[in-house]
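Contents: one structure, followed by commentary.
What follows draws every value from the coordinates through simple rules; no lab data is involved. If you're wondering where the values come from, they're calculated on a predicted model, not measured in any experiment. A quick note on method: Cβ atoms are made from the backbone with ideal geometry, for glycine too, and the neighbour counts reach across all protein chains shown.
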Amino acid sequence: MFSDILWIFFDMGSTLVDEQQAFRHRVRDAIKGTDIGEEQFYQTMISYYQQNKKGDKEAFAFYNLAKPEWHSEDEVLYAGVKECLNRLKGRYRLGIIANQLPGACKRLEQWGILQEFSLIVTSDREGVAKPDPRIFEAALQRADCPVERCVMIGDRLDNDIAPAKKLGFKTIWVKQGLNAYTSPTSQWEQADTVVDKIEQIMALFGV
């Protein structure tokens, strides 16, 4: 399926980057001073994700809590990411298509993987966010590559898989993070391939 691929595009959050501690930090900030337990909030959030809803947003609304700021400093790379990118780079061009707060390139540099990417397209720079197809189209234009020779890898069916597939990308769903609890709701959310961990990508591409 991936024998004719030239470009591999990655999402960042919950794809390359483990956001678990950042989510936990946000929840602790939100429930501070209340009688709501951290695990209680988390289970409520998961139950909404299992209903294919935006679980964090729904849980904050359910408990009538404001959503605190995001702590990017709590983000870390998933195990195997550096090796995976290094191996893939020897055979493919790598890019990023991600919804990110300002400073994404700086964070990639701090994690030691900025140099692995030939193209980085993020919402804070483009002024448009996934699932808007324009952010994917911008990446395709700059890559100067036919869409059928591109792969999109991400953790979200609604933001990563569906919009990319509609444009003609090959797609890989990485079931990491909270969106692992969701399920496809349409043909567009049916990824071409599903993996449980980002490091499994290496075997798919034979590197």
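Given the chain, what percent of its DSSP beta bridges are antiparallel, to the nearest 5?
That works out to approximately 10 percent antiparallel.
Tell me the Kirkwood hydrodynamic radius of the chain in angstroms, computed as one over the mean inverse distance between distinct C-alpha pairs. Can you show the working numbers first?
On the way: mean 1/r = 0.0569 Å⁻¹.
Its Kirkwood hydrodynamic radius stands at 17.6 Å.
For the chain, the longest stretch holding no trypsin sites (Lys or Arg not before Pro) located in a DSSP loop with at most 14 other Cβ atoms within 10 Å is which?
My reading of the result: 92-196 is the longest stretch.
Non-local amide H neighbours of N99 (under 5 Å, H modeled in plane, Pro and chain starts lacking H): which ones?
Amide H neighbours of N99: M12, S123, K130.
What ratio of Cα Rg to 2.2 N^0.38 Å holds for segment 20-72?
1.03
Residue by residue, what Karplus-based ³J(HN,Hα) values in Hz, rounded to whole numbers, does segment 186-202 have, using 6.51, -1.76 and 1.60 with θ = phi - 60° and x for Gly and Pro?
Running phi through 6.51 cos²θ - 1.76 cosθ + 1.60 with θ = phi - 60° gives 7, 4, 6, 8, 7, 5, 5, 9, 10, 10, 8, 9, 4, 5, 6, 4, 4 Hz.
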